[in-house]
Amino acid sequence: CTSSFSLSVSSRPINCSPFSSSSAIVGEPLSLLQARRVVSMLALSGASPIASERMYRLGEDRTELLRRMIPAAPIRTVDLFRHTGWPPIWNLTVATDERQWNVLGLFNTSDEPRTEAIELADLHIGDGSQRFAIYDFWEDRLLRVVTDRFSLQVPAGGCRVVSVTMIHAGAPTVLGTNRHLTCGGTDLHDVRWNGDALTLTGRSDVAGHDPYELWLYMPEGEDALEIQEVRSTARRSWARGSDGLRVISFEADASGPVTWTIAFSRATPPSPEVPQTPRRLQPQQNTRGVYLSWYQPDDRAVAHRVYRDRRLLAEVQGCEYQDSSALYNTRYEYAVASVGARGNESMLSDSVTYQTPMPASVNLTQLVPLVVSQDH
């Protein structure tokens with residue numbers, strides 16, 4: 001990845017950030033997406049932010065952003081790549097005595113959405129044989145389980161922040177927390193798995209009256225587990241989740257450390273949860289080819305696979321796709337399937353047949369060459 005930004009979390013406070021003391025502006029005229037981008041940049045660079053606006057005028061959605069960047073993390077900034085301007089990918093490596101993970105910040109300062117393809121090998125993450133869970137911090141959801149690569153659409157003027165964590169066989173994998181943009185780097189301590197007692201223990205620094213979440217990826221197959229009990233020193237704690245993900249929540253009346261123990265039991269391997277099949281697939285002709293759109297009623301769908309003439313054409317995150325390779329005066333059959341976080345695919349939607357027209361006139365640049373030859 002020739003345009004990325006590398007950072008690491010140190011065990012002692014070091015601040016070599018280009019934002020060493022920066023203003024945190026999250027209110028108007030910034031949109032929520034732009035405010036997220038500002039907060040994400042400050043938090044992932046280890047900046048010591050200064051609130052520079054009237055706090056009492058901020059809405060709950062904006063003060064929530066400030067909570068996720070405080071306190072400043074002891075991050076050492078190391079730029080290893082050549083690039084022009086702000087790099088679009090920031091890679092924060094977080095390491096503790098118990099575990100290691102990466103937090104990727106994907107930034108888009110343009111006026112158009114952009115799809116960013118991430119090759120883990122380019123970021124020195126894994127060797128292609130391990131499995132990694134991709135969790136979206138701002139959207140608070142498990143996106144994918146991958147081995148080598150994935151892609152994300154970054155909204156115009158916005159950002160995406162995801163944790164990349166290697167999945168451990170036979171034990172629940174901690175994917176992070178919602179307390180801070182480092183996904184546990186500042187607040188999660190002493191995490192221990194006891195394979196004999198089937199318990200996961202740890203300590204979390206929580207803020208009073210701020211719901212704290214711990215994200216767990218559950219083992220599959222013969223090693224399948226299920227949560228039996230959650231014990232903690234917080235006022236209230238509970239678990240929820242589905243399809244391989246469990247979210248443990250804590251609520252405390254005062255800020256400070258909360259110790260917790262999660263007890264598990266062996267479980268019958270559940271059948272993979274398959275998201276619902278997309279509905280109402282509609283093709284439409286435009287100057288770039290065939291534009292496809294559909295409806296997805298199931299939020300467990302993390303992506304969609306588009307099939308043309310029963311062959312895989314593309315995989316996209318949203319509910320639309322532009323088929324720019326479609327030829328004029330050709331009949332095509334389209335169908336779409338949903339994809340879950342673990343890669344499980346739904347049944348294909350009802351197929352639609354579409355005949356592309358033969359236009360009366362067309363620009364030469366819009367035509368797809370069928371034969372290309374070169375002579376003397």
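The values are calculated or read from the model by the stated rules, or taken from the named source; none is laboratory data. Given the structure is predicted, the values throughout are model-derived calculations rather than measurements. So basically every Cβ, Gly included, is an ideal-geometry build from the backbone, and we count neighbours across all protein chains shown. For the accessible areas, the whole protein counts, side chains as well, though only heavy atoms, and no ligand, DNA or RNA atoms are used. Shrake-Rupley method; radii C 1.70, N 1.55, O 1.52, S 1.80 Å.
Kindly evaluate Leu200 against the criterion of being assigned to a strand (DSSP E or B) and either over 20 Å from the mean Cα position of the chain (by Cα) or of a type outside the set (Lys, Arg) (or both). Taking the combined requirement at face value, the residue satisfies it.
Among the residues in the range 135-144, are any over 15 Å from the mean Cα position of the chain (by Cα), surrounded by fewer than 16 Cβ atoms within 10 Å (Cβ to Cβ) and either assigned to a strand (DSSP E or B) or not hydrophobic (A, V, I, L, M, F, W, C) (or both)? So far as the range 135-144 goes, no, none of its residues is over 15 Å from the mean Cα position of the chain (by Cα), surrounded by fewer than 16 Cβ atoms within 10 Å (Cβ to Cβ) and either assigned to a strand (DSSP E or B) or not hydrophobic (A, V, I, L, M, F, W, C) (or both).
Residue-wise test of (1) acidic (Asp, Glu); (2) touching a residue at least 24 places away in the same chain (Cβ under 8 Å); (3) at negative phi.
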{"position": "Val306", "(1), (2), (3)": "no, yes, yes"}
{"position": "Arg310", "(1), (2), (3)": "no, yes, no"}
{"position": "Glu333", "(1), (2), (3)": "yes, yes, yes"}
{"position": "Gly340", "(1), (2), (3)": "no, yes, yes"}
{"position": "Gly343", "(1), (2), (3)": "no, yes, no"}
{"position": "Ser346", "(1), (2), (3)": "no, yes, yes"}
{"position": "Ser349", "(1), (2), (3)": "no, yes, yes"}
{"position": "Ser373", "(1), (2), (3)": "no, no, yes"}
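Test Thr173 against the criterion of being touching a Leu at 6+ places or on another chain (Cβ under 9 Å), closer than 18 Å to Ala72 by Cα and open to solvent by less than 60 Å² (accessible area, probe 1.4 Å), and give yes or no. Considered against the rule, which asks whether it is touching a Leu at 6+ places or on another chain (Cβ under 9 Å), closer than 18 Å to Ala72 by Cα and open to solvent by less than 60 Å² (accessible area, probe 1.4 Å), Thr173 comes out as no. Evaluation of Val306 against the conditions (1) among the β-branched types (Val, Ile, Thr); (2) touching a Leu at 6+ places or on another chain (Cβ under 6 Å); (3) in a loop (DSSP other than H, G, I, E, B) shows that the sole unmet condition is (3).
Among the residues of the range 231-256, those that are outside any loop (DSSP other than H, G, I, E, B) and exposed (fewer than 14 other Cβ atoms within 10 Å of the Cβ) comprise Arg231, Arg236, Trp238, Arg240, Gly256. The residues of the range 148-183 that are in contact with a Gly (Cβ under 7 Å, 6 or more places away or on another chain), free of Cβ contacts under 8 Å to residues at least 40 places away in the same chain and either assigned to a strand (DSSP E or B) or within 25 Å of Ala267 (Cβ to Cβ) (or both) amount to a single one, Thr177.
Do we have any residue at all in the range 101-110 that's at pLDDT below 90 and either of a type in the set (Asp, Glu) or open to solvent by less than 60 Å² (accessible area, probe 1.4 Å) (or both)? Scanning the range 101-110 turns up at least one residue that is at pLDDT below 90 and either of a type in the set (Asp, Glu) or open to solvent by less than 60 Å² (accessible area, probe 1.4 Å) (or both). Residue count for the range 211-230, restricted to those that are open to solvent by 20 Å² or more (accessible area, probe 1.4 Å) and assigned to a strand (DSSP E or B): 6.
Number of residues in the range 234-271 that are of a type in the set (S, T, N, Q), in contact with a strand residue (DSSP E or B) (Cβ under 8 Å, 6 or more places away or on another chain) and closer than 24 Å to Arg144 by Cβ equals 1.
Filtering the range 262-288 to residues that are more than 27 Å from the chain's Cα centre (by Cα), in contact (Cβ under 8 Å) with a residue 60 or more places away in the chain and part of a strand (DSSP E or B) leaves Ala263, Ser265, Arg266, Gln282, Pro283, Gln285.
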